[in-house]
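Right, one structure below, let's go through it.
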Amino acid sequence: MKKTIQIEGMMCSHCTGRVEKALAALDGVSVSVDLASGSASVALSGPVSDEALRKAVEDAGYTVVSITGA
């Protein structure tokens, strides 16, 4: 399953690294963060709720605008 997370507040590569690290710490999550689009592309190999994804990003200090995907 793949999802896209739109994120506000990322300003530099350090920001993307923090978001990537926070999401990758969740079991079953592979992630790629793109600063230009302000988004994270997430591949899930197991059940991970949108709430868990949102919490990881927000705990890293950023705002989740939306989570889309199937």
Which residue, of Glu8, Glu20, is surrounded by 15 or more Cβ atoms within 10 Å (Cβ to Cβ), among the acidic types (Asp, Glu) and modelled with pLDDT of 95 or more?
Glu20
Cβ-Cβ under 6 Å pairs, at least 6 apart or on other chains, segment 21-32 side in a loop (DSSP other than H, G, I, E, B), far side loosely packed, with under 14 Cβ neighbours inside 10 Å and polar (S, T, N, Q)
Gly28/Ser45
If you go through segment 34-70, how many residues are free of Cβ contacts under 8 Å to residues at least 24 places away in the same chain and part of a strand (DSSP E or B)?
1
Hits in segment 25-51 (condition: surrounded by 15 or more Cβ atoms within 10 Å (Cβ to Cβ) and under 15 Å from Met1 (Cα atoms))
Leu26, Val29, Val31, Ala40, Ser41, Val42, Leu44, Val48
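The values are calculated or read from the model by the stated rules, or taken from the named source; none is laboratory data. A quick note: this is a predicted structure, and the numbers were derived from the prediction, not measured. With ideal geometry, Cβ positions are generated from the backbone for all residues, glycine too; neighbour counts draw on all protein chains shown.
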